[in-house]
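Trainee: Here's a structure for you.
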Amino acid sequence: MQGFFVSIHQDSNSLRSNINHTFVVMQYTLKKSLGQHFLKDESICIKIIDAVNESLINHNLNNLVEVGPGGGAITKYLLQIENIDFIAVELDEEKVVFLEATYPKIKEKIIHENFLEIAPPFQEKFMVAGNFPYNISSQILFKILDWKEQVPVVIGMFQKEVAQRVAAKPNSKAYGIISILIQTFYDVEYLFDVPPESFTPPPKVMSGVIRLQLRNTTYQVKSDKAFIQLVKTAFNQRRKMLRNAVKSLFDPIVLQDEIFNKRAEQLSIEDFAALTFRMQGN
């Protein structure tokens, strides 16, 4: 796979020059309602692209989907990756017009729709990457869960707090519903922090980039429905002892088990999975 990636580091300066020139001709507005914080730090862009390229190679993928390309900070590099089919999904019509005018190679490669409402862009397996709109970043992850058989790897930028919740382990305050539901299917790797000054406009919080890689093994559960119901019920009252939080889901005799003396944040994914087989109904 040598030579799979065009010499990105050498081209970044010329790309910046071209982009700055284009901004004089065509500008766009930033829309808070869409959670838009556009990356401007080229060194961060390069780090993301390196991680994307590594993941494409390691998973032997030929299809790539970028969610929320916005002003094209990452897109301009993704378009240079050879031997892949690339699709960008952008809801904001103004950004679609800007991207097509600024980067002609992207024409015919943009889906102008809400990512949360589209069907899988490819029939084959594909990677998902992007600086995800912060106001729907968790929803994007749950959408990807629906496509997990087709999406073996994801690299995304999130608010640091969200990224930490996705990567959190038991016995931490960040550990919760999204931690468990994502980690049930994906191994999560926190890659690096991104400071507010790396964006326009700068968000009020730190950001973080994480990588999700589909697990080789899965947890055995009674049913997906039972598992999700148990996790959500347990964490909806996370301060309570598990016995009180989930008492509606178990027979009183089962609730006498010692595990129900714990709080939800103290249980591993394996613990929740095993408990589904002891639930009533489902």
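Trainee: Rank by packing, highest mean first: peptides 205-214, 113-122, with packing defined as the count of other Cβ atoms within 10 Å averaged across residues.
Mentor: Top of the packing list down: 205-214, 113-122.
Trainee: Hey, which lysines would be in cross-link range of K105, C-alpha to C-alpha under 17 Å, not counting anything within fewer than 8 residues on its own chain?
Mentor: Output for K105: K76, K95.
Trainee: Tell me the net charge near L61. Cut-off is 12 Å between Cβ atoms, L61 excluded, with +1 for each Lys or Arg and -1 for each Asp or Glu.
Mentor: Cβ neighbours under 12 Å give a net charge of -2.
Trainee: So if we plug the beta-carbon distance of I46 and K169 into 1/(1 + (r/R0)^6) with R0 = 30 Å, what FRET efficiency do we get, rounded to 0.05?
Mentor: 0.50
Trainee: Could you work out the local net charge near E117, counting Lys and Arg as +1, Asp and Glu as -1, over the other residues with Cβ closer than 15 Å to its Cβ?
Mentor: Within the 15 Å Cβ shell, the charges total -3.
Trainee: For the chain, what is the mean residue ellipticity at 222 nm derived from helices alone (per DSSP H run of n ≥ 4: -39500 (n - 2.57); sum divided by total residues; nearest 500 deg cm²/dmol)?
Mentor: -10500 deg cm²/dmol, from helical runs alone.
Trainee: May I ask which of K169/K225; K47/K160; K204/K240; K143/K225 have a Cα-Cα span longer than 26 Å here?
Mentor: K204/K240
Trainee: Roughly how big is the chain's charge dipole about its Cα centre, with Cβ charges of +1 (Lys, Arg) and -1 (Asp, Glu), in debye to the nearest 20?
Mentor: 1180
Trainee: Starting from 0.36 nm per residue, how many nanometres of slack lie between I111 and Q237 once their C-alpha separation is accounted for?
Mentor: My answer for the length gained is 41.4 nm.
Trainee: Using only Cα atoms, tell me the angle between helix 42-58 and the longest principal axis of the chain; keep it within 0 to 90° and round to the nearest 10.
Mentor: So the inclination is approximately 60 degrees.
Trainee: Going by C-beta contacts inside 10 Å, put S268, S55 in order with the fewest on the left.
Mentor: S268, S55
Trainee: Given R₀ = 22 Å, what would the calculated FRET efficiency be for M206 paired with I259, taking r from the Cβ atoms and rounding to 0.05?
Mentor: That pair, M206 with I259, gives E of 0.05.
The numbers here are math on the coordinates, done by the rules we state, and not lab data. Computed from a predicted structure; not experimentally measured. Don't worry about glycine lacking a Cβ; one is built from the backbone with ideal geometry, like all the others, and counts go over all protein chains shown.
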